[in-house]
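Bear in mind these aren't lab numbers, they're just calculated from the coordinates by the rules spelled out. Computed from a prediction, not measured in an experiment: that's the story for all the values here. Cβ coordinates were reconstructed from backbone atoms using ideal geometry, including for glycine residues, and neighbour counts include every protein chain displayed.
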Number of protein chains: 2
Amino acid sequence: MIPEHVLFANDAFYLAFRERDLDAMERLWSRNLPVICIHPGWNPLTSRVEIMASWQAILGNPDAPRVQCYGGRVFQQGDIASVVCYEQLEGGILVATNNFVMEDDEPKLVHHQASDCADPPAPPQESQVIQ
Amino acid sequence: MIPEHVLFANDAFYLAFRERDLDAMERLWSRNLPVICIHPGWNPLTSRVEIMASWQAILGNPDAPRVQCYGGRVFQQGDIASVVCYEQLEGGILVATNNFVMEDDEPKLVHHQASDCADPPAPPQESQVIQ
């Protein structure tokens with residue numbers, strides 16, 4: 001996979017999150033492979049139905065956090081492209097893994113996991129003005 | 001990959017952890033692909049050298065936690081076999097992802113991430129007596 005293409009899909013994931021766009025979120029997740037989503041502090045969700053229900057609840061909640069992503073790096077592991085990035089929230093910064101496969105000529109998510117990060121790099125200045 | 005083979009490698013990972021066996025830990029990680037390790041609360045480690053240095057520090061520390069794994073499930077995502085499991089420590093229970101690829105006819109780790117889990121399933125009775 002082309003790293004820029006994967007980072008674009010990763011940005012699209014966080015844009016869908018910020019914009020509360022459930023349709024975009026649904027399009028971003030694989031339909032052909034098992035999918036895994038581990039929200040911070042949650043139990044693992046391991047089916048597309050569970051994962052989409054979680055996003056419907058999160059994106060429909062006005063109090064859900066507004067997330068900015070920065071520092072994304074792509075690692076090609078076989079036919080998986082793994083993005084490791086940081087998530088800036090009001091309450092702190094998390095480290096996240098987002099794994100993509102190619103499906104219908106687009107990178108699609110098969111895995112998301114976000115977890116605490118004690119000493120993350122500082123967010124870049126420009127990430128604070130992204131809509 | 002055969003799920004039982006992957007779960008055996010996953011068990012070997014936790015056995016190496018418990019037994020403080022750095023050689024076994026080194027053999028478990030891929031040498032051919034980029035590797036990622038996100039210990040709980042740590043910044044992501046994204047090179048084999050960094051990751052092995054972290055295991056050397058952890059396994060060499062007598063105060064490092066003794067981890068028991070339970071509830072492992074395997075999800076085949078393209079070339080990756082992804083294990084989602086729970087880690088029982090003295091201080092609580094984490095959820096972990098361990099991703100494997102086939103290398104030299106063995107499942108090898110390319111990714112480990114452990115994070116908080118608010119409401120994990122109870123550990124099975126037998127996991128409390130594993131050495």
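Return, ordered by residue number, the residues of the stretch A:23-60 whose backbone nitrogen is under 20 Å from a label point located 7 Å along Cα→Cβ of A:Asp79.
Once the point is set 7 Å along Cα→Cβ of A:Asp79, A:28-36, A:48 turn out to lie under 20 Å by backbone N, inside the stretch A:23-60.
Using the Cβ atoms and a cut-off under 15 Å, what net charge is assigned to the surroundings of B:Asn43, where Lys and Arg are +1 and Asp and Glu are -1?
Details: positive: A:Arg73; negative: A:Glu87, A:Asp116, A:Asp119, B:Glu50.
My count for the surroundings of B:Asn43 gives -3.
Put a point 7 Å out from Cα along the line to Cβ at A:Arg20; what are the distances to that point in the other copies, in nm, shortest first?
List, nearest first: 5.4 nm.
Comparing B:Val49, B:Val84, B:Val110, which has the greatest mean-square fluctuation in the GNM of chain B with Cα pairs linked when under 10 Å apart?
Judging by the Gaussian network model, the answer is B:Val49.
Hey, which residue of A has the C-beta nearest the axis mapping A onto B, and what's the distance in Å?
Of all Cβ atoms in A, the one closest to the rotation axis yields A:Ser115, 2.
In nm to one decimal, list the spacings between the B:Gln76 label point and its equivalents in the other copies, with label points set 7 Å along Cα to Cβ, shortest first.
Ordered by increasing distance: 2.4 nm.
Place the label 7 angstrom along Cα→C-beta at A:His5 and in each other copy, then list the distances from the first to the rest in nm, shortest first.
So the label point of A:His5 gives 2.9 nm to the other copies.
Please provide three numbers in whole Å: the alpha-carbon extents of the stretch A:1-67 along the principal axes, with the largest listed first.
Projected onto its principal axes, the Cα set of the stretch A:1-67 covers 34, 25, 22 Å.
So for the pair B:Ala24, B:Gln125, with labels modelled 7 Å out along Cα→Cβ, what separation do we get in nm?
Using points 7 Å along Cα→Cβ, the separation is 2.6 nm.
The protein assembly as shown: percent of C-alpha pairs farther apart than 33 Å?
On the way: 5484 of 34191 pairs.
The calculated P(r) of the protein assembly as shown puts 16 percent of pairs beyond 33 Å.
What is the Å³ per residue value for the convex hull set by the Cα atoms of chain B?
With only Cα atoms used, chain B gives 109 Å³ per residue.
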